[in-house]
Amino acid sequence: MFAKGQTVIQYMEQLAPKHLADQDDKERIGLQLGSLHKEIRTVLVALDVNEDVADEAVRIGADLIIAHHAIIFRALRQINTDTPAGKVYEKLIKNDIAVYIAHTNLDIAEGGMNDWMAEALGIRNTVPIDETQREQLLKLVVFVPVTHADQVREAVLAAGAGAIGNYRHCSFNVEGTGTFLPQEGSNPFLGSAGKLEKASEVRIETIVPQGIRSRVVQAMLKAHPYEEVAYDLYPLELKGKAYGLGRVGKLEHEQSLAAFAEVVKDKLDVPCVRVVGDPERVIKKAAVIGGSGSRWYGAARFRGADVLVTGDVDYHTAQDALAAGIALIDPGHNAEKIMKAKVAEWMSAILEKNRYETKVIASSINTEPFRFM
């Protein structure tokens, strides 16, 4: 059985929830071209979508491309198929290949782009460089007959509820008596229409992050035996985990800036890097932000970083960072290609777990526009 397009994207948005995206980026993420109302036999994961990637998608029979960089970056007034971009759109549409974009939501997500880059570079115990939002937490309260309390509790906890810090499957449970009077036309699990019923019930309380609210509620309703389920969701003052751009943390081993630059070249698979700062400087704490993140050098320095790894560093920003006392390593924007294998691996695992035959392939096309002479 092959997964439907909507199913593949539901899984993708578990990894990179759309609500995490930067405000200026929200119009560019999601489905940008084509339709998801179809079976997906093959997914191609790409950093960029250019003509070579479109040709690759046609060649492998892909029904869907999941990419990091938007194929439509600015509003279109026309689609002229004589232009380079228009030819790509035409090829994708004619071959019924949809394009879905996960950009800053994938950057910010826990277990996403910046965590992959930090892990690759040996940066540990990380926090965001720039916190963009705090997770809103809700309290779910549901009343369940004693006979089904374990079933409902396990369903909501398996859906992701009940996480507090480093603890999982947290809940509070108290037994009591529920009353209800089934009306004409009802089909009660307990009792009969027109007769007041008293039932031994369990009040289950647990924490639900806003981002998975729908998933948890659906799991609860599916597991609950009642025709009409009594439950409440309360917003909490307590805030959840912090989300934000970039990562900063301590290196596994302190090293010189020159040595760390070699690590960046090796682990991010780039032919060269540009370095700002004294090559002999000792690096203990490092920051990384995928793509073009040099404007966050001040925030990285504020969080104690000795060096910031990011792409697209311009001359004047390099001068300012040097004067501010923070080193920079620029591996280029294309270093984000680490996401191709990571997303493909993650998506393949969840599709296989759910017994779908859909294949997920990391693009083999090098979309780096620069050549190093």
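What follows is calculated from the coordinates using simple rules that are stated; it is not laboratory data. These numbers come from a predicted model, not from an experiment. Heads up, the Cβs are rebuilt from the backbone with ideal geometry, glycines too, and the neighbour counts pull from every protein chain shown.
Taking 17 Å as the straight-line reach from the Cα of Lys285, the lysines in range (excluding those fewer than 8 positions away in the same chain) are Lys250.
Figure the gain on full extension for Lys91 and Leu322 (residue separation times 0.36 nm, minus the Cα-Cα span) and round it to one decimal in nm. Walk me through the numbers on the way to the answer.
Working: separation 231, 0.36 × 231 = 83.16 nm, distance 4.62 nm.
Length gained, Lys91 through Leu322: 78.5 nm.
Were the residues from Lys195 through Thr83 laid out at 0.36 nm apart, the gain over their Cα-Cα distance would be 33.0 nm.
Normalised Debye scattering of segment 41-90 at q = 0.13, 0.25, 0.28, 0.30 Å⁻¹ gives log10 I(q)/I(0) of -0.31, -0.99, -1.13, -1.19, counting only Cα atoms as equal scatterers and leaving out solvent. Of interest is the spacing of the C-alpha centroids, which for segment 40-97 and segment 186-252 amounts to 40 Å.
Given axes a ≥ b ≥ c from the Cα gyration tensor, I'd like to know whether segment 236-373 is rounded (a/c under 1.5), prolate (a/b larger than b/c) or oblate.
Oblate, because a/c is 1.5 or more while a/b does not exceed b/c.
Among Leu328, Leu308, Leu31, Leu236, the order by Cβ neighbours within 10 angstrom, fewest to most, reads Leu236, Leu31, Leu328, Leu308. The trypsin sites (Lys or Arg not before Pro) of segment 46-135 that DSSP puts in a loop, and whose beta carbon has at most 14 other beta carbons within 10 Å, are Arg74, Arg77.
Note: segment 132-243, Cα convex hull, 102 Å³ per residue.
In the chain, what % of DSSP beta bridges are antiparallel (nearest 5)?
The antiparallel fraction comes to roughly 70 percent.
Indicate the gyration tensor shape class of segment 1-124 (rounded, prolate or oblate), computed on the Cα atoms with a ≥ b ≥ c the square roots of the eigenvalues: a/c under 1.5 is rounded; otherwise a/b larger than b/c is prolate and the rest oblate. In terms of gyration-tensor shape, prolate. For a straight C-alpha distance cut-off of 25 angstrom, the lysines reachable from Lys4 (same-chain residues fewer than eight places away being disregarded) are Lys18, Lys26, Lys38, Lys91, Lys94, Lys222, Lys340, Lys342, Lys353, Lys359. For segment 172-209, the list of GluC sites (Glu not before Pro) that fall in a loop by DSSP and count at most 10 other C-beta atoms within 10 angstrom reads Glu184. Springs join every pair of Cα atoms under 10 Å in this Gaussian network model of the chain, and among Ala321, Ala286, Ala158 the largest mean-square fluctuation is at Ala158.
I need the calculated FRET efficiency for the pair Arg355 and Glu280, taking r as the beta carbon distance and R₀ as 41 Å, to the nearest 0.05.
On the way: r = 55 Å, r/R0 = 1.34.
Computed FRET efficiency for Arg355 and Glu280: 0.15.
Per residue, how much space in cubic angstrom lies within the convex hull of the C-alpha atoms of the chain? Don't skip to the end; give the middle numbers.
Numbers: hull volume 66.5 nm³, N = 373.
Dividing the Cα hull volume of the chain by its residues yields 178 Å³.
In terms of its C-alpha gyration tensor, segment 62-102 comes out oblate, because a/c is 1.5 or above while a/b does not outweigh b/c. Were the residues from Glu368 through Ile164 laid out at 0.36 nm apart, the gain over their Cα-Cα distance would be 69.3 nm.
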